[in-house]
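The values are calculated or read from the model by the stated rules, or taken from the named source; none is laboratory data. All values reported here derive from a predicted model rather than from experimental measurement. Cβ: placed from backbone, ideal geometry, glycine included. Neighbour counts: every protein chain shown. Side chains are part of the model used for accessible areas, which takes the heavy atoms of the whole protein and leaves out ligands, DNA and RNA. Shrake-Rupley method; radii C 1.70, N 1.55, O 1.52, S 1.80 Å.
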Amino acid sequence: EIYAENLRKNELFWLIEHRDLPVGFVRARPEDDLLYIAEICVARAHQGKGLGRRLLAHMRQYARENEFKGLAGLTWKQVPFNGPYYLHNGFEEWSLGEVGPDLHAIATSEEEQKLNTIGERMIFGERF
């Protein structure tokens, strides 16, 4: 059901398995001319083993092969495994003026504004 829902949303889904069990995944979808990282997660017991970097590398390769102009997403700015993680892995922090209309709409949505009351959010991205 979840996969069907994601396909209806035009989302891509990559999964990493260990011993036939899922231990990490990423959800992404096209936004503007970018591949938008909607969610990325690695199970706590498998963190620190490079699986997140492998997911990001796969997304970069997929984005390049499919003529996207880069990757982008939104995350918590100060949470170590969020904002700092993306910056450490080659992304930059972008302002609203640096993004297209679709990503701008996501970043200024009511849902994002609610999340921003919990902690500062940031747009991260990388252009190819």
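Descriptive notes on the structure:
- The residues of the stretch 71-99 that are of a type outside the set (A, V, I, L, M, F, W, C), in contact with a strand residue (DSSP E or B) (Cβ under 8 Å, 6 or more places away or on another chain) and open to solvent by 70 Å² or more (accessible area, probe 1.4 Å), listed by number, are GLU92, GLU93, GLU98.
- Number of the exception - GLY125 against (1) part of a helix (DSSP H, G or I); (2) touching a residue at least 60 places away in the same chain (Cβ under 8 Å): (1)
- Picking from residues in the stretch 24-55 that are among the small types (Gly, Ala, Ser) and surrounded by fewer than 17 Cβ atoms within 10 Å (Cβ to Cβ), the one that is farthest from the chain's Cα centre (by Cα) is ALA45.
- Residue-level check: of (1) within 13 Å of the chain's Cα centre (by Cα); (2) small (Gly, Ala, Ser); (3) closer than 20 Å to ARG29 by Cβ, GLY100 misses just (1).
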